[in-house]
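K.L.:
The structure under discussion is supplied below as structure tokens; questions concerning it will follow.
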Amino acid sequence: MGDLLMSSPAIRALKETFNCKISLLTSAMGNWIASFIKEIDEVIVADLPWVKTKKPVDEKETKDLIEQLTKKNFDGVVIFTVYSQNPLPAAMLTYLAGIPRRLAYCRENPYNLLTDWVVEKEPFSFIKHQVERDLDLVRSINATTQNDKINIEISKSAKESAIRKIKDAGVDLEREWLIIHPGVSETKREYPEENWIGTGKLLRDELDFQLLVTGSSSEKELCARIRNNIGDNSFALAGLLSIEEFIALISMAPLVISVNTGTVHIAAATQTPVIVLYALTNPQHTPWKVKSSVLFYSVKEELRSKNQVVTYVTENLMEKKLEPPSPAEIINETKKLLEKVSEIRVAN
């Protein structure tokens, strides 16, 4: 979800410049957020053999996808990647589908697989934020936009139903609350559970916040354990909300504290202040144009990527052996960020 949200300003640039229909080819996870990005007209959901999936991808599925793409007679394709990814499998897929114009960053010479090749210079020459990277890619074909923020649109009813659900869960709507989001899809990006518990207790005892512990259905046990160990004035909401209700809840929160996952980019889209507990995997994915604080820590050596581009960044461009931030550090950042937000509101 986060990758797609960060690509959405570039998608907007394509839409505004060429007045074209936008079809998104994405995974099931990307599909969860796609309907809230107004520039996207159609979504094609597919598991692909070069993308992490829960089960192996059948060869026939890929052949069927090529046939489906061929029938749609697309004019062009833009392939968005992070700097450690290879665009050529996707380029081959779209080449076989007969799509005549194919744009991507690529480190090696793609020859006929790409008609519009932007040489990949990251991370060895510089590193850009993912939003800037994607905007620069489409700028190479003269697609631009004046609005480079991440935007998503939800219905008014989503806020109403989210409020109803948290009230039914026991949240006192007359008192302040904030969101803590511990769940993440990769073990290497996890923040220690005992630290979440310590952070929650300090947020409650020092700042008098109710704590909404959010997550997906698969994270129910994690959120329940954290809630049970924090105790009073904490609420486990994993699996309770639809994705639209979750976006609505974030939009109403005074602050979100989260690991580096899609939640952070939803907060950026809703302009909700966010503190990110950021395991140093890809430095391109910090919150974009929103009041935020980023607390970095190192990935355990045994969990680090085998991708040599990622290894280069880890060994040459990142601080070594950063410990996860302590609950006390998180509380200090919370106080600072809330004070900044309060000052801005008073000024306005």
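The values are calculated or read from the model by the stated rules, or taken from the named source; none is laboratory data. No experiment lies behind these values; they were computed from the predicted model shown. Positions of Cβ are backbone-derived with ideal geometry, glycine not excepted, and every protein chain shown enters the neighbour counts. Note: accessible area is taken over every heavy atom of the protein model, side chains too, but ligands, DNA and RNA are not part of it. Shrake-Rupley method; radii C 1.70, N 1.55, O 1.52, S 1.80 Å.
K.L.:
All but one of (1) at pLDDT 90 or above; (2) out of contact with any Ser or Thr (no Cβ under 9 Å at 6 or more places or on another chain); (3) open to solvent by 30 Å² or more (accessible area, probe 1.4 Å) hold for Q284, so report the exception by its number.
P.N.:
Q284 satisfies every listed condition except (3).
K.L.:
Spot the failing condition for Y111; the list is (1) without any contact (Cβ under 8 Å) to a residue 40 or more places away in the chain; (2) on the phi < 0 side of the Ramachandran plot; (3) over 23 Å from the mean Cα position of the chain (by Cα), and only one is missed.
P.N.:
Of (1) without any contact (Cβ under 8 Å) to a residue 40 or more places away in the chain; (2) on the phi < 0 side of the Ramachandran plot; (3) over 23 Å from the mean Cα position of the chain (by Cα), only one is false for Y111: (2).
K.L.:
Next question, about the same structure. Starting from the stretch 290-314, take each residue that is more than 30 Å from L338 (Cβ to Cβ) and list its partners that are open to solvent by 60 Å² or more (accessible area, probe 1.4 Å), counting only C-beta distances under 8 angstrom and pairs at least six apart or across chains.
P.N.:
Between residues of the stretch 290-314 that are more than 30 Å from L338 (Cβ to Cβ) and residues that are open to solvent by 60 Å² or more (accessible area, probe 1.4 Å), the close pairs are L303/T187; V310/R304; T311/R304; Y312/F124; V313/I127; T314/R304.
K.L.:
Does T144 satisfy being without any contact (Cβ under 8 Å) to a residue 24 or more places away in the chain, under 25 Å from S23 (Cβ atoms), open to solvent by 60 Å² or more (accessible area, probe 1.4 Å) and among the β-branched types (V, I, T)?
P.N.:
Details: without any contact (Cβ under 8 Å) to a residue 24 or more places away in the chain: no; under 25 Å from S23 (Cβ atoms): yes; open to solvent by 60 Å² or more (accessible area, probe 1.4 Å): yes; among the β-branched types (V, I, T): yes.
It is false that T144 is without any contact (Cβ under 8 Å) to a residue 24 or more places away in the chain, under 25 Å from S23 (Cβ atoms), open to solvent by 60 Å² or more (accessible area, probe 1.4 Å) and among the β-branched types (V, I, T).
K.L.:
Whether any residue in the stretch 138-154 is in a loop (DSSP other than H, G, I, E, B), under 30 Å from S84 (Cβ atoms), in contact with a strand residue (DSSP E or B) (Cβ under 7 Å, 6 or more places away or on another chain) and at pLDDT 95 or above is what I want to check.
P.N.:
yes
K.L.:
I've got another one for you. Which residues, counting only those in the stretch 287-337, are modelled with pLDDT of 95 or more, open to solvent by less than 40 Å² (accessible area, probe 1.4 Å) and over 20 Å from G198 (Cα atoms)?
P.N.:
Result: P287, W288, V290.
K.L.:
Return a yes/no flag: does the stretch 116-137 have any residue that is of a type in the set (G, A, S), within 29 Å of A279 (Cβ to Cβ) and open to solvent by 20 Å² or more (accessible area, probe 1.4 Å). Full working, then the answer.
P.N.:
Of all residues in the stretch 116-137, those of a type in the set (G, A, S) come to 125.
Within this subset, residues satisfying the condition of being within 29 Å of A279 (Cβ to Cβ) are 125.
Subset that is open to solvent by 20 Å² or more (accessible area, probe 1.4 Å): 125.
Taking every residue of the stretch 116-137 in turn, at least one turns out to be of a type in the set (G, A, S), within 29 Å of A279 (Cβ to Cβ) and open to solvent by 20 Å² or more (accessible area, probe 1.4 Å).
K.L.:
Scan the stretch 62-82 and tell me whether some residue there is among the charged types (D, E, K, R), under 20 Å from the mean Cα position of the chain (by Cα) and modelled with pLDDT of 95 or more. Step through it out loud before you land on a result.
P.N.:
Taking the stretch 62-82 as the starting set, the residues that turn out to be among the charged types (D, E, K, R) are 63-64, 67, 71-72, 75.
Filter once more, keeping what is under 20 Å from the mean Cα position of the chain (by Cα): none.
The answer is no, given that none of the residues of the stretch 62-82 is among the charged types (D, E, K, R), under 20 Å from the mean Cα position of the chain (by Cα) and modelled with pLDDT of 95 or more.
K.L.:
Quick one: V43 ticks every box in (1) farther than 30 Å from V313 by Cα; (2) open to solvent by 70 Å² or more (accessible area, probe 1.4 Å); (3) in contact with a Ser or Thr (Cβ under 8 Å, 6 or more places away or on another chain) except a single one, so which number is it?
P.N.:
So the condition that V43 fails would be (2).
K.L.:
Name the strands (runs of 3 or more DSSP E) wholly inside the stretch 156-248 in which the number of residues that are of a type outside the set (F, W, Y) is 3 or more. Working first, answer last.
P.N.:
On the way: elements: 177-181, 210-213, 234-236.
Once the strands (runs of 3 or more DSSP E) in the stretch 156-248 are filtered for at least 3 residues that are of a type outside the set (F, W, Y), what remains is 177-181, 210-213.
K.L.:
For the stretch 261-281, enumerate the residues that are within 18 Å of E153 (Cβ to Cβ), open to solvent by less than 10 Å² (accessible area, probe 1.4 Å) and outside any helix (DSSP H, G or I).
P.N.:
Correct list: T272 only.
K.L.:
I'd like to check something: does the stretch 234-253 contain any residue that is among the hydroxyl-bearing types (S, T, Y), buried (at least 23 other Cβ atoms within 10 Å of the Cβ) and touching a residue at least 60 places away in the same chain (Cβ under 8 Å)?
P.N.:
Going residue by residue through the stretch 234-253, those that are among the hydroxyl-bearing types (S, T, Y) are 234, 242, 251.
Then keep just the ones that are buried (at least 23 other Cβ atoms within 10 Å of the Cβ); that gives 234.
Right, trim to touching a residue at least 60 places away in the same chain (Cβ under 8 Å) and you get none.
No, every residue in the stretch 234-253 fails to be among the hydroxyl-bearing types (S, T, Y), buried (at least 23 other Cβ atoms within 10 Å of the Cβ) and touching a residue at least 60 places away in the same chain (Cβ under 8 Å).
K.L.:
For V171, work out the one condition from (1) open to solvent by less than 40 Å² (accessible area, probe 1.4 Å); (2) within 25 Å of the chain's Cα centre (by Cα); (3) aliphatic (A, V, I, L, M); (4) over 21 Å from S23 (Cβ atoms) it doesn't fulfil.
P.N.:
Going through the list (1) open to solvent by less than 40 Å² (accessible area, probe 1.4 Å); (2) within 25 Å of the chain's Cα centre (by Cα); (3) aliphatic (A, V, I, L, M); (4) over 21 Å from S23 (Cβ atoms), V171 breaks only (2).
K.L.:
Return the residue satisfying two criteria in turn: it lies in the stretch 195-227 and is surrounded by fewer than 16 Cβ atoms within 10 Å (Cβ to Cβ) and among the charged types (D, E, K, R), and of such residues it is farthest from L255 (Cα to Cα).
P.N.:
Going through the qualifying residues, I end up with E221.
K.L.:
Would you mind listing the strands (runs of 3 or more DSSP E) fully within the stretch 18-88 where at least 3 residues are within 30 Å of F124 (Cα to Cα) and touching a residue at least 12 places away in the same chain (Cβ under 8 Å)? Talk me through it step by step, then tell me what you get.
P.N.:
Values: elements: 23-26, 42-45, 76-78.
Those strands (runs of 3 or more DSSP E) span 23-26, 76-78.
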